[in-house]
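Inspection log for the structure reproduced underneath, given as structure tokens.
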Amino acid sequence: MVRVTNSTTPCADVVLPCLDEAAALPWVLARIPAGWRAIVVDNGSTDGSATIARAHGATVVHEPRRGFGAACHAGLLAAEADIVCFCDCDASLDPGLLTAFVRTVTEGGADLVLGRRRPQERGAWPMHARLGNIALTRMLRRRTGLTLGDLGPLRAARREPLLDLGLTDRRSGYPLQMVVRAADAGWRIEEREVPYRPRTGKSKVTGTWRGTWHAVRDMRAVLRQPPVAHDLAASSRAAR
């Protein structure tokens, strides 16, 4: 596949896990940077999301096993670009912001760039979801020493090093496991603020206290996992 881009915007693949996001997809896909490939991973949608994604130029991957991590990892496996980005498919985050993330990784400023969400409107980030996020970042600091303000879904890193992390979680713990294993491997992890809008449609994970609790439970299980042995020198070279 040939990708056309300019010298200031390195090309990337953007993984978009999707479950019934027909209303949000046009807005999201219109904001994918020119020359990049959008990989919409349909995780069992019944609202025609896959058809809409194709109509807007996205590559569609079907992942029958339900779970946020399952969808994200299927997209990572389908990616071809050197750098892979992740973004929610609910119009809460603008994928156009990823150009700066990708540039940082390409220029060697960081190995993994994460978006720290800043709500732009009332109700964009429900209190129960925010409290769960705070608790997890504190546990992450105790586990890895990383001081992060968020475990947000907007992120970018090189594809091969991501695959080498050997991510195994296929539920809500996937984003956290990526950060934990990257930290264990000695990656340089950078965080930058991004605007966070109210999502389009109902959340499948953190829209309720129950959903948030299940997500926190999955992530706590990730934090209890023992560190995975890595060749830090090799990992550092690969991430660059």
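Quote the charge dipole size of the range 56-101 about the Cα centre in Debye, to the nearest 20; the model charges only the Cβ of Lys and Arg (+1) and of Asp and Glu (-1).
200
Mean separation of Cα pairs under 8 Å and 6+ residues apart, divided by the residue count of the range 10-222: what relative contact order is that in percent?
25
Under the rule of at least 5 residues apart or a separate chain, name every residue whose amide H is placed under 5 Å from the amide H of Arg118.
Val194, Tyr196
With charges only on Cβ, +1 for K and R and -1 for D and E, what is the dipole size of the range 10-222 about its Cα centre, in debye, rounded to 20?
With only Lys, Arg, Asp and Glu charged at Cβ, the dipole is about 840 debye.
With θ taken as phi - 60° and the coefficients 6.51, -1.76 and 1.60, list the Karplus ³J(HN,Hα) couplings across the range 157-169 in order, rounded to whole Hz; mark glycine and proline as x.
After applying 6.51 cos²θ - 1.76 cosθ + 1.60, I find 6, 6, 5, 4, x, 4, 4, 5, 5, x, 5, 10, 5 Hz.
Can you give the Rg to Rh ratio of the range 10-222, both from alpha-carbon atoms, with Rh computed by the Kirkwood formula?
We get a ratio of 0.92 for the range 10-222.
How much of Thr147 can a 1.4 Å solvent probe reach, expressed as accessible area in Å² and rounded to 10?
The accessible area comes out at roughly 100 Å².
Which ³J(HN,Hα) values in Hz, rounded to whole numbers, follow from the phi angles of the range 185-199 under the Karplus curve 6.51 cos²θ - 1.76 cosθ + 1.60, where θ = phi - 60° and Gly and Pro get x?
Once θ is set to phi - 60°, the couplings for the range 185-199 become 8, x, 5, 8, 10, 10, 10, 9, 6, 9, x, 10, 9, x, 5 Hz.
Run the accessible area of the range 101-170 with a 1.4 Å probe and give the carbon-and-sulfur part as a rounded percent.
45
Could you size up the charge dipole of the range 6-74 around its Cα centre, putting +1 on the beta carbon of Lys and Arg and -1 on that of Asp and Glu, and report it in debye to the nearest 20?
Once rounded to the nearest 20, the dipole reads 140 debye.
For the range 29-44, what does the Karplus curve 6.51 cos²θ - 1.76 cosθ + 1.60, with θ = phi - 60°, yield as ³J(HN,Hα) per residue in whole Hz, taken in order and with x for Gly and Pro?
5, 5, 9, 5, x, 4, x, 8, 10, 8, 10, 8, 9, 7, 9, x
May I ask for the net charge around Thr144, where only other residues with Cβ less than 11 Å from the Cβ of Thr144 are counted and Lys, Arg are +1 while Asp, Glu are -1?
Overall, the nearby charge balance is +3.
The values are calculated or read from the model by the stated rules, or taken from the named source; none is laboratory data. Given the structure is predicted, the values throughout are model-derived calculations rather than measurements. Because the Cβ atoms are built from the backbone with ideal geometry, glycine has one as well, and the counts that use them run over all protein chains shown. All accessible areas refer to the heavy atoms of the entire protein, side chains included, with ligands and DNA or RNA removed. Shrake-Rupley method; radii C 1.70, N 1.55, O 1.52, S 1.80 Å.
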